[in-house]
Amino acid sequence: MKYIGNKSRLIGFIEECLKDFNINYNNCKVYDLFSGTGSVSEFFLKNDCKVLSCDNMNYAIAEQYRRLYFRKEPIFNELKNIIGYEKLDDILKYLNSLEGNEGYFFENFCEEGKYKRRFFSSSNAKKIDAIRNKIDEWKDILPYEKYIFLVGILMNSADFVSNTAGTYGAYLKIWRSMALKELKLEKPEFINSGEIKMYISDVIDFVKEQNKADIVYLDPPYNTRQYPAYFSVLESIVVNDNQVLNGKTGLRNYEKQKSKFSIKKDVKEEFEKLINNIKSDYIVMSYSTEGILDSNFIMEVLKRKGKTKMYNTSYRRFKTNAWTEKNTNLKEILFICKVL
Ligand SMILES: C[S@@+](CC[C@H](N)C(=O)[O-])C[C@H]1O[C@@H](n2cnc3c(N)ncnc32)[C@H](O)[C@@H]1O
């Protein structure tokens with residue numbers, strides 16, 4: 001999944017820093033806060049950790065169920081009597097072969113729909129309608145984990161054929177070639193080590209409720225762009241609540257999902273509150289040199305908790321038409337604090 005702030009290309013850097021700081025990250029209890037696509041959770045799972053991940057967006061949690069939750073292919077025995085299949089390959093084949101229909105996603109997110117938004121080709125928008133509604137027919141039959149896993153697969157496949165440059169803040173005027181391909185649900189790979197539980201919650205509420213961890217990793221948004229505004233279409237696919245959407249790009253109402261970590265006047269206080277509530281042996285935090293929090297301030301707050309070191313590396317920024325800057329001095333920072 002294309003995602004702003006995705007740490008998949010920085011895992012090597014994070015690993016090097018953990019080693020330099022002499023942290024044994026094998027078989028640990030880890031909290032991945034602001035977990036997004038789950039790239040960092042994946043790293044810890046591969047090192048046999050027990051991970052609890054937390055993000056306040058539904059699409060992020062669905063994506064993590066898709067790629068991280070199951071240790072091996074789930075069997076859909078609950079559907080055997082309904083559609084005659086129980087193997088994942090057969091379920092995906094069944095869903096892929098459904099005939100599209102003109103529902104909510106057609107109306108809202110394609111050019112032939114009422115609002116003429118070019119996020120998907122008309123045939124793919126119709127497929128999203130058919131598949132999403134079929135999965136919802138199974139909502140009360142399937143355990144939540146299997147249900148949201150299928151929703152995550154649909155969301156990821158839809159993202160793959162979306163007519164965007166990476167975020168849903170805008171759709172493209174010209175069709176990109178991938179957007180003209182037919183949407184196809186694909187089976188994910190399964191990680192056979194570690195254990196994970198996902199929480200959809202505000203990070204501060206989450207840490208207040210949890211016991212002590214070995215490592216808490218945090219990756220807050222670093223600028224004033226609100227994630228729910230940039231990934232609204234994916235949130236709609238996952239939530240499927242037929243909400244009336246606003247404006248040219250069909251934005252959901254995201255008032256309750258706004259992050260204080262992306263609001264200049266609130267971020268300092270929110271950050272201090274979060275750090276003060278963390279119970280852990282180590283705190284590991286990613287940030288950027290162009291973030292709205294100053295690195296000296298972060299250092300000052302972390303030093304109050306324990307011995308802290310700051311690492312940095314150059315980084316090519318996430319590129320979209322709407323979100324590209326020429327800053328070549330951009331550095332990705334990693335703070336590590338040994339809590340005393
Ligand atoms: C920089 S991204 C994380 C990227 C992630 N580490 C990855 O590799 O994909 C920041 C994430 O924080 C989430 N977020 C922002 N404010 C939050 C809050 N107060 N509580 C929980 N999650 C929040 C956003 O939804 C977004 O997914």
>> Here are the criteria: (1) in a strand (DSSP E or B); (2) surrounded by fewer than 14 Cβ atoms within 10 Å (Cβ to Cβ). Tell me which single one ARG304 does not satisfy.
In response: (1)
>> All but one of (1) surrounded by fewer than 19 Cβ atoms within 10 Å (Cβ to Cβ); (2) assigned to a loop (DSSP other than H, G, I, E, B) hold for LYS134; state the number of the condition that does not hold.
In response: (2)
>> I'd like to check something: does the stretch 46-57 contain any residue that is crowded, with 18+ Cβ neighbours inside 10 Å, closer than 27 Å to GLY291 by Cα, of a type in the set (Val, Ile, Thr) and within 12 Å of the ligand (Cβ to nearest atom)?
In response: no
> Are there any pairs, at least 6 apart or on different chains, whose C-beta atoms fall under 7 Å, with the first in the stretch 12-39 and in contact (Cβ under 8 Å) with a residue 12 or more places away in the chain and the second of a type in the set (Gly, Ala, Ser) and more than 7 Å from the ligand (Cβ to nearest atom), and if so, which?
Replying inline: LYS29/ALA213; VAL30/ALA213; TYR31/ALA213; ASP32/SER41; ASP32/SER53; SER35/SER41; SER35/SER53; GLY38/SER53
> If you check SER193 against the conditions, is it surrounded by fewer than 19 Cβ atoms within 10 Å (Cβ to Cβ) and without any contact (Cβ under 8 Å) to a residue 40 or more places away in the chain?
Replying inline: no
>> As an exercise: evaluate GLY166 against (1) in contact with a Phe, Trp or Tyr (Cβ under 8 Å, 6 or more places away or on another chain); (2) under 25 Å from LEU95 (Cβ atoms); (3) touching a residue at least 60 places away in the same chain (Cβ under 8 Å) and give the number of the one condition it does not meet.
In response: (2)
> Mind checking which residues of the stretch 108-167 are under 23 Å from GLY247 (Cβ atoms), out of contact with any helix residue (DSSP H, G or I) (no Cβ under 8 Å at 6 or more places or on another chain) and among the hydrophobic types (A, V, I, L, M, F, W, C)?
Replying inline: ALA165
> What's the number of the condition ASP48 fails, among (1) more than 21 Å from GLU137 (Cβ to Cβ); (2) in contact with a helix residue (DSSP H, G or I) (Cβ under 9 Å, 6 or more places away or on another chain); (3) touching a residue at least 40 places away in the same chain (Cβ under 8 Å); (4) not aromatic (Phe, Trp, Tyr)?
Replying inline: (2)
>> Being within 13 Å of the ligand (Cβ to nearest atom) and among the acidic types (Asp, Glu) is the filter here; which residues of the stretch 58-94 pass it?
In response: GLU63
> Quick check, is TYR230 modelled with pLDDT under 95, on the phi < 0 side of the Ramachandran plot and within 15 Å of the ligand (Cβ to nearest atom)?
Replying inline: no
>> Can you say whether GLY84 is more than 22 Å from ALA213 (Cβ to Cβ) and free of Cβ contacts under 8 Å to residues at least 12 places away in the same chain, as far as the supplied structure shows?
In response: yes
>> So, in the stretch 99-131, how many residues would count as being surrounded by 15 or more Cβ atoms within 10 Å (Cβ to Cβ) and of a type in the set (D, E, K, R)?
In response: 8
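The values are calculated or read from the model by the stated rules, or taken from the named source; none is laboratory data. These figures come from a predicted structure and were not determined experimentally. Don't worry about glycine lacking a Cβ; one is built from the backbone with ideal geometry, like all the others, and counts go over all protein chains shown.
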